[in-house]
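Notes follow the structure.
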Number of protein chains: 2
Amino acid sequence: MTLKDKLLMEALRQFSAKGYSGTSTSSIIDAVGASKGGLYNHFPNKEQLFREALSLARKIWREKNLRGLDHLPRPTDKLIRLLENYRDNYLTDTLNLPGGCVFVNLAVELGEEFPHLGREVHEGFVRLRQMIERLLHEEKAAGTLGMDLDTGDAAELLFTGILGVCVVYSSGKSTATLARSIGALCRYIEKMRL
Amino acid sequence: MTLKDKLLMEALRQFSAKGYSGTSTSSIIDAVGASKGGLYNHFPNKEQLFREALSLARKIWREKNLRGLDHLPRPTDKLIRLLENYRDNYLTDTLNLPGGCVFVNLAVELGEEFPHLGREVHEGFVRLRQMIERLLHEEKAAGTLGMDLDTGDAAELLFTGILGVCVVYSSGKSTATLARSIGALCRYIEKMRL
DNA sequence: CTCAACAGACCGACCGGTCGCTTTGTTTCC
DNA sequence: GGAAACAAAGCGACCGGTCGGTCTGTTGAG
């Protein structure tokens with residue numbers, strides 16, 4: 001693995017756990033046994049290192065959370081799989097994301113210090129919500145979801161629920177609590193099906 | 001208002017928006033027109049200033065979110081009122097909490113840098129969840145909630161939903177989205193009632 | 001006069017970032 | 001094939017500036 005990759009992974013680890021301001025370039029360098037010059041050969045400044053670490057985080061998010069969704073024909077099965085992925089592959093990926101979901105953890109700090117990055121993360125949230133609502137809408141159109149269900153409200157519950165789960169897990173790091181929360185969300189989905 | 005109070009309020013404002021590491025004592029001092037001596041006359045160090053700002057935040061949380069709950073006899077009405085308070089009095093209190101819910105925003109950063117403070121915040125989360133489940137349990141015991149409802153699962157949905165709402169609002173600061181999310185949670189409560 | 005409250009100069013440590021140097025790997029020429 | 005020439009990667013001392021925190025001096029109320 002190249003130094004750049006090692007620096008990016010370590011940066012993501014530390015940023016996700018300690019925030020942007022709380023992470024110094026020196027501590028990233030020390031952790032991978034590199035030097036200032038080595039880091040600044042690959043990144044013009046700390047902010048760019050952070051941007052690329054966020055890109056890596058987006059890639060990891062997709063790889064972990066969307067895994068196995070395309071095999072499943074039923075939209076609500078995709079949703080349940082997404083939740084299980086959050087529980088089994090994403091949030092508990094202590095190698096890459098020891099601090100939990102970096103987008104949830106840094107949403108605020110970013111919005112204040114780098115408004116543009118904050119907006120990007122916010123748009124990611126919006127897309128997740130839209131994806132959930134689209135899946136619910138698909139299944140409703142297929143007629144297996146109960147005609148009285150408000151897919152917007154249900155999407156809202158699932159979406160905010162997922163983000164809340166990320167907060168609780170980041171705060172307490174309890175896999176038992178994580179499993180209980182994800183389980184409650186999954187059962188909510190199962191109950192809305194006919 | 002005394003200098004100490006002004007410093008505490010300003011500290012809470014900045015900590016909630018920029019995090020602990022991202023906020024310097026100097027910027028707090030500048031914002032209230034004070035001096036280093038003035039601040040360190042009242043607080044032995046930055047960490048203690050932060051601890052007392054968190055205590056202030058807990059007081060504000062109770063004042064804003066529990067307002068008017070005791071008049072309401074029906075437990076689920078209390079829950080709906082709590083959600084409305086989050087929407088109308090707490091999250092949108094731009095004077096004290098321009099960054100949104102400080103507990104949600106700092107849950108991660110704290111756990112890593114001040115494990116003890118992180119645990120305190122986490123315990124606050126657990127208490128909120130317990131309060132929600134207790135209210136649901138009360139109403140279920142009163143027989144107006146449907147015997148097949150799993151109060152643990154419902155509490156989980158509402159609890160993680162509230163935290164998720166805090167994240168989204170902190171990230172986007174959209175009152176329209178906030179109203180929609182809170183509305184979805186309220187309708188979820190109303191639907192579970194007989 | 002006294003003493004707590006406050007102001008602000010000051011301190012060492014650490015921050016993000018630069019720069020000159022060494023090492024390493026690749027290309028080129030014979 | 002092998003050595004010279006070059007470019008890129010990596011290193012670490014160093015820079016100005018800011019951090020949290022200290023200390024001395026001033027001030028104003030009782």
### Query
With a ≥ b ≥ c the root eigenvalues of the C-alpha gyration tensor of the protein assembly as shown, is it rounded (a/c under 1.5), prolate (a/b larger than b/c) or oblate?
oblate
### Query
By how many degrees, 0 to 90 and rounded to 10, does the Cα axis of helix A:46-65 deviate from the longest principal axis of chain A?
30 degrees
## Note on the structure
Magnitude of the Cβ-charge dipole (Lys and Arg +1, Asp and Glu -1) of segment B:17-77 about the Cα centre, nearest 20 debye, reported as 80 debye
## Note on the structure
Within the protein assembly as shown, the cysteines whose Cβ lies no closer than 4.7 Å to any other cysteine Cβ are A:Cys186, B:Cys186
### Message
Below 8 Å, C-alpha to C-alpha, sequence gap of six or more: please give me the relative contact order for chain A in percent.
### Response
23 percent
### Query
For label points placed 7 Å from Cα toward Cβ, what is the shortest-first list of nm distances from B:Gln130 to its copies?
4.2
### Message
On the Cα set of segment B:37-194, report Rg and Dmax in Å, please.
### Response
17.2, 62
### Query
Out of B:Ala141, B:Pro75, A:Leu178, whose Cα points farthest toward the positive end of the dipole of the protein assembly as shown (charges: +1 Lys, Arg; -1 Asp, Glu; placed on Cβ)?
A:Leu178
### Message
Can you tell me which aspartates and glutamates have their Cα less than 16 Å from the Cα of A:Lys78? Leave out same-chain residues fewer than eight positions away.
### Response
A:Glu63, A:Asp70, A:Asp88, A:Glu133, A:Glu138, A:Glu139, A:Glu190
### Message
From Cα pairs below 8 angstrom and at least 6 apart in sequence, can you work out the relative contact order of segment B:1-96, rounded to a whole percent?
### Response
30 percent
### Summary
When chain A is treated as a Gaussian network with springs between alpha carbons less than 10 Å apart, the largest mean-square fluctuation among A:Arg119, A:Arg81, A:Arg58 is found at A:Arg119
### Query
What is segment A:118-184's relative contact order, in percent, from Cα pairs under 8 angstrom and six or more apart in sequence?
26 percent
### Summary
Rounded to the nearest 10, the angle in degrees between the Cα long axis of helix B:151-172 and the longest principal axis of the Cα atoms of chain B comes to 40 degrees
### Query
Going by alpha carbons, how many degrees (0 to 90, nearest 10) lie between the helix axis of B:175-192 and the longest principal axis of chain B?
30 degrees
## Note on the structure
The distance between the Cα centres of segment B:1-65 and segment A:111-179, in whole Å, is 33 Å
### Query
If you put a point 7 Å past Cα along the Cβ direction, how far is that point for A:Thr94 from the same point in each other copy, in nm, smallest first?
4.3
### Task
Mind listing the label-point distances from B:Asp70 to the same position on all other copies, shortest first, one decimal in nm, points 7 Å along Cα→Cβ?
5.9
### Task
Towards the positive end of the charge dipole of segment B:1-67, with charges on Cβ (+1 Lys, Arg; -1 Asp, Glu), say which of B:Tyr40, B:Trp61, B:Ser27 has the farthest Cα.
B:Trp61
#### Entry: Cut-off under 5 Å, modelled amide H: who pairs with A:Thr144 long-range
none
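Here, each number is a calculation from the coordinates, and none is a lab measurement. Quantities reported herein were computed from a predicted structural model and do not represent experimental measurements. Neighbour counts run over all protein chains shown; Cβ positions are idealised from the backbone, glycine included.
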